[in-house]
Each structure stands twice: as C-alpha cells, then as structure tokens.
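J.: So that we are looking at the same thing, I have put the structure below in structure tokens.
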Amino acid sequence: MADFLLAPQLYLSRTDTQCADRCYAYAADELARLLARLGVSCVAPPGSEHTAGYALCLSSDAVSPCRPFAELPAGDGYLLAVAPSSVLLAARSAKGVLNGVYDLAERLGFLFLLPGEEGEWPPLEGAHALPEGTFVMQPRFPHHGVFWQTLNFTDYTVEEWLRFYAKLRCNAVAHDLEDRALAEELGLRLEIGGHGLSSLLPRDLFEAHPEYFRLFQPEDFGGTRQPDSNMCVTNPHTRRIMQEHFRPAARAAEGVYAYHAWADDLPAGGWCLCSSCRALQPADQALLATRHLAEVVRAEGLALRVPICAYHDTMFPGNVIAPPPESLLLFAPRERCYGHALDDPRCARNQFYLQALQAWMTTFAGIDDAHAFEYYFDQILFRGLYPFLPQIMLDDLRVYQAHGIQTMLSLQVAGPAVAPEYNMLVFARGAWDAYLTADDCCAALAARICPQAPAPWGHYFMRRAAIFQDALRMCEYPTNIYLDYRWLPENRLPFGAEMASVYAEAAEALEAEATMLAEAVTADWPERVQRLAVAEVARAQFEAAELRVMWAQQQAANALAGYLDSDDQTSLRAALTAWRYAQKLFTAARHHAKALGLPPDGWYLHNINEWLTDEFARKIDMYAPMLRDGDDEK
C-alpha cells in the first residue's frame with residue numbers, strides 16, 4: 001500500500017515542456033488543491049530532471065522524476081502507476097492527466113457529488129491508502145459529456161458546472177461561445193448552438209418574399225406559404241440568405257468543434273411542400289439545409305462540424321440527400337421508452353428507435369464522430385422528476401458503443417437544485433467502465449456517501465432504480481403519436497390501464513422508501529450526510545406526489561379514449577372526475593416542490609405544474625358541456 005500519500009508534505013514533479021499548456025497547468029494545480037483538502041502540501045523537488053510529455057509525479061522524496069512510459073492509452077486515457085514511494089500520472093494529452101488527477105482523488109476517498117466546493121466531498125477520516133500497481137484507463141468513447149441548456153434554475157454558476165463536468169472526467173460539452181476559454185482550460189471540447197436553423201432566414205422577409213418560406217400544403221390542396229418555421233430549402237435565394245447569416249457566426253466560432261443549427265423543435269411538419277421540396281422527406285430537407293451550412297464551412301476553410309439532428313420527423317433518414325463530410329450525426333431519440341434499454345427485445349418502441357439508429361449509421365458511413373444525444377438529465381422530458389436509471393444507461397452505453405457512436409452526450413435541462421443528479425454520476429462512470437453494473441453503482445454511491453451506514457442508502461438507490469424503471473415504460477404506445485412523460489396519451493390499450501396502476505404503486509413505493517431512509521438517519525451520521533438525507537427524502541416525497549398526478553392523468557386519458565370511441569357518458573364522467581382530482585393532486589405536488597426548495601420561477605413550478613393544470617382545466621371546460629344529462633358532478 002502507498003501509505004506515503006498520508007504524509008503532510010509531498011514532492012510534485014511536472015514536465016517543464018508542457019507547463020504552457022493551460023489544461024496541464026490546471027491539472028497540476030488541481031492535484032495540489034485536492035491534496036491540500038486532505039492536509040497534504042505539495043512542493044516542487046529542487047533540481048530534479050523533468051522529461052517531455054504529459055505527466056505528474058507525487059513522491060515522498062526529491063529524487064523521483066516524471067519518468068516516461070512507452071505505452072500510453074490513446075486520446076484522453078491515462079496511466080496511473082502507484083509505487084511504494086511515488087505515484088505517476090501519465091497520458092498522451094493534458095486532459096488525460098487531468099482525468100487521472102480526478103481518478104486519483106476518488107481513489108483517495110473524494111466524492112464529486114455536486115458542483116461547487118460544497119459538492120466536492122473529501123473523506124472525513126483521512127485519505128484512503130492506495131494499493132500498488134499500474135492502472136491503464138481508457139474511455140469507451142473518444143468523447144463524452146453534457147449538452148447543457150442554461151434553463152437549469154440551480155444555485156450553481158456556469159463555471160461551477162463546467163468544472164464539475166471535468167471532475168466527472170467528461171471531455172465534451174455543448175453550451176455557449178463565451179465558455180471557450182474555460183472549456184480549453186478544462187480539456188472540454190466545446191460545441192455550441194441548438195435549434196437555430198429558422199433564425200438564419202429572417203422572418204421579416206416574408207411579406208416581400210413569401211417564396212423563401214415553406215408551403216404548408218401542396219399547391220393542389222390550396223397550400224399557402226407560412227413564415228412560422230423552417231423554410232423552403234430548395235429555393236436558391238433561401239440558400240444564399242442562410243449562408244450569409246451563418247458565415248459571421250461560423251467565423252466567430254474559432255476553436256469550437258461543432259455548431260448546432262437544428263431545424264425547429266417540432267414533432268411533425270414544419271417543412272416545405274412546394275413543387276421543388278415535396279418529394280424530399282423531412283430528413284432530406286434537413287440534410288439539404290445542413291449542406292448549405294457545410295458549404296460555408298468549406299469555403300471559409302474552418303475546422304467546424306455542422307450536426308444534423310435525427311429527431312421527431314427526421315428520426316429516419318431520407319433517400320435523396322447525402323450528408324456532407326463537414327456534417328455529423330446527432331441521434332436524439334427523445335420519444336423512446338426509458339423503462340427499457342434501447343436494444344431490449346421486449347420493447348417494440350425502442351426497437352423502432354434502434355432501427356432508426358442503424359439506418360442513420362449506414363447513411364453516415366465514412367463520416368466520423370457520430371453523436372448520441374440522450375436525455376437522462378432532462379427534466380422537461382421527465383416532467384420535473386429525477387428518475388434514477390442506472391441499468392438503462394449502462395445498457396444504452398453498450399448499445400451505442402457497439403453501433404459505432406463516438407461521442408456520447410446527454411442533455412441537461414433544469415438540474416439538481418437541492419440534491420444530486422445521480423444519473424450524471426453513473427453516466428460519467430459508465431463512459432469509462434464497460435463492466436460496471438447497476439448494483440456496483442448503488443453500492444459505490446452508498447459507501448462514499450455514508451461509509452458509517454451504507455446499507456440504508458444502498459437499499460434506497462436500488463429501490464429507486466427499480467421503481468422508476470417500471471414507471472417509465474412506454475412500450476406499447478404507438479410511435480406515430482406525440483407523447484412524452486408529460487403528455488400521457490389517450491388510449492384504449494390494456495397497457496394504459498396497467499400504467500395508471502403502476503404510477504399509483506410507484507408513488508406509494510417511493511414514499512415508503514423515503515420514510516425508511518428518513519428513519520435510518522442517526523445523530524452519528526456526518527452533518528453533510530444528514531443534510532443530504534433530508535433533501536433526498538423531500539425530493540422523493542415530491543416525486544411520489546407527481547406520480548400520483550400521473551395516475552389520475554392517465555386514468556382521465558383512458559376514460560376520454562373510451563368516450564371518444566363510443567360517446568359513452570359514463571366514460572366521459574370518469575374522465576372529468578379524474579381531471580379534477582389530478583388538479584387537486586397537482587396542488588399537493590406544488591406544495592411538495594416548494595418544500596423541496598424548487599425555485600418558484602423554475603421549470604417544474606413555472607412550466608410543468610402550471611402548464612398541465614391549465615391543460616386539465618381547458619379539457620374540463622371543453623368536455624363538461626358534452627354530458628347530455630347535465631349531471632356533471634363538480
């Protein structure tokens with residue numbers, strides 16, 4: 001065991017030739033800072049010989065140089081060599097060394113739980129002793145990280161979030177152009193943009209040039225031009241204007257890897273049906289727009305990629321337009337089922353999305369760096385819930401790796417305002433460890449959070465995972481309707497009735513687990529663990545309240561489907577009763593959200609809760625007069 005790391009002072013050797021590299025300098029400073037939190041100071045050894053390359057060496061004396069290794073992992077992987085009196089971190093890149101710093105910190109007992117210094121938990125009883133040996137760490141994907149939207153409504157700054165992603169050993173981030181310098185320091189490959197294609201054609205041109213914009217229906221159906229979304233991509237003037245507006249933005253993005261300019265965020269439609277466009281499927285029109293942007297990148301000689309988003313009505317590729325080499329695939333299966341892995345044969349819905357992935361990978365054959373764009377941290381999709389999905393994510397990572405995905409991203413919208421996003425921790429670990437299991441993740445989290453009493457935490461995490469995996473099934477709903485976990489569908493399927501029961505059972509089970517965790521807290525738990533338990537219990541109680549809303553909402557949807565199919569008054573009355581009860585349950589969920597500490601102007605309280613409450617009210621107002629006997633029980 002390398003017990004020398006427990007000494008009050010260590011020598012930290014750097015490689016002189018790389019000191020100008022900002023990421024390498026940051027790695028050395030981070031190692032010294034983290035050790036200082038353990039009561040260990042670092043000093044430079046006097047007169048030691050430094051070698052070329054990216055390496056850091058900790059030693060108990062002043063004569064251990066940063067020695068080179070012939071075999072180092074590719075990319076941002078690293079080597080960690082622990083000897084009786086020294087620890088060596090070596091890599092082919094500065095980011096690799098920074099990854100090694102955070103791995104070493106975790107092996108010493110740190111837990112990177114949340115952004116900021118308070119979310120960085122050092123071991124309370126001193127550093128863990130390290131076993132001797134050489135460990136070669138290689139990520140499963142050349143790049144992995146977070147596509148972060150700033151609608152986070154958390155108490156953390158942009159800088160704290162980006163530094164947190166680095167601590168999780170991510171090496172890719174999509175956010176803002178202003179992050180460029182910080183991303184470079186942290187070794188994060190930066191991508192920018194999002195849904196911005198329609199902004200490249202100013203809407204104020206519509207009155208003078210409606211032909212630049214999309215035709216809503218074909219001419220023989222009386223189609224008219226619409227300025228509301230996307231454009232007529234085959235019109236040469238549209239092409240010119242798009243390129244004129246994209247050119248300065250692309251030039252300003254020097255040092256950025258990819259510029260996302262996706263089509264409008266629409267589940268269907270939004271494309272042109274004029275005589276030139278009508279034979280082009282949505283994916284073909286989107287790819288043609290991508291080709292227009294790629295021409296700018298090529299003409300300007302820029303090292304910039306232009307992704308196309310396979311999403312909604314572009315979920316499958318077309319058969320006319322081929323992707324340009326400057327583009328890359330961004331596969332975004334938002335309406336998939338998160339109760340099953342992407343390749344689970346029991347889930348017909350996910351088989352549809354797996355086929356889409358396979359089709360797009362064939363379309364992009366020969367063009368590197370296909371991205372998967374997942375939604376594990378997206379609270380819009382999950383209606384404000386924080387579902388814990390360790391096995392789903394780990395299985396998905398296996399599927400994406402097997403199908404040739406090279407960059408693994410997950411969208412983060414909203415975020416952990418008061419308690420951790422455990423999915424992010426599992427996702428980050430899984431991107432490095434192909435053998436990781438859900439049991440491993442739960443046990444490791446429990447042991448790091450509360451080493452005095454890991455059992456209650458381990459049980460809570462395992463039960464939380466099982467509850468949400470069951471409750472997030474969407475397997476048997478059709479793939480050609482718009483839905484997600486907010487918009488539970490009207491249906492007459494047995495699956496609809498089953499899921500209503502599942503939501504009710506999940507609410508009871510989650511609340512019971514929260515009670516058990518609360519009762520397990522004892523005074524000898526560290527204060528930070530007690531605070532986390534309080535926050536975790538409050539979050540589970542909020543989620544249980546929201547699952548009860550889903551139960552009533554799904555009951556209303558099932559009953560309405562029966563009414564629409566048969567004009568049955570009993571079904572209509574049941575739908576109205578369920579909607580009214582769902583409104584009351586939303587009041588309870590709002591109470592729990594406020595008790596949890598969710599911000600009043602945040603995504604859940606300001607959008608989901610209010611939005612769906614209003615939707616239920618509109619449906620009640622529309623359907624209540626349809627009761628023929630007038631006997632509508634309020």
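The values are calculated or read from the model by the stated rules, or taken from the named source; none is laboratory data. No experiment lies behind these values; they were computed from the predicted model shown. Cβ coordinates were reconstructed from backbone atoms using ideal geometry, including for glycine residues, and neighbour counts include every protein chain displayed. When the accessible area is computed, the model is the full protein with side chains, heavy atoms only, and any ligands, DNA or RNA have been set aside. Shrake-Rupley method; radii C 1.70, N 1.55, O 1.52, S 1.80 Å.
J.: In vacuo Debye scattering of segment 511-630, one point per C-alpha: log10 I(q)/I(0) at q = 0.10, 0.20, 0.21 Å⁻¹?
T.: For the requested q values the scattering log ratios are -0.42, -1.01, -1.07.
J.: Write down Rg/Rh for segment 308-462, rounded to two decimals, with Rg from the C-alpha atoms and Rh from the Kirkwood relation over Cα pairs.
T.: Radius of gyration over Kirkwood radius for segment 308-462 works out to 1.01.
J.: At most 13 other C-beta atoms within 10 Å and a DSSP loop state: those are the exposed GluC sites (Glu not before Pro) I care about. Give me the longest piece of the chain that has none.
T.: Value returned for the longest uninterrupted segment is 255-632.
J.: Can you work out the Karplus-derived ³J(HN,Hα) for every residue in segment 157-164? Use 6.51 cos²θ - 1.76 cosθ + 1.60 with θ = phi - 60°, whole Hz, and x for glycine or proline.
T.: Along segment 157-164, the couplings run 7, 4, 4, 5, 5, 5, 5, 5 Hz.
J.: What's the carbon and sulfur percent of the chain's accessible surface, probe 1.4 angstrom, rounded to a whole number?
T.: Numbers: 13190 of 24620 Å².
Roughly 54 percent of what the probe reaches on the chain is carbon or sulfur.
J.: Segment 511-559 to segment 350-424: how many Å between their Cα centroids?
T.: Measuring centre to centre over Cα atoms gives 26 Å.
J.: Can you give the Rg and Dmax of the chain based on its C-alpha atoms, in angstrom?
T.: 26.8, 96
J.: Can you work out the accessible area per residue across the chain, with the rest of the protein chains kept in place, probe 1.4 Å, in square angstrom?
T.: 39
J.: With an 8 Å cut-off on Cα pairs and a minimum separation of 6 or more residues, tell me the relative contact order of the chain in percent.
T.: Values: 1225 pairs, mean separation 61.3, N = 634.
Here the relative contact order equals 10 percent.
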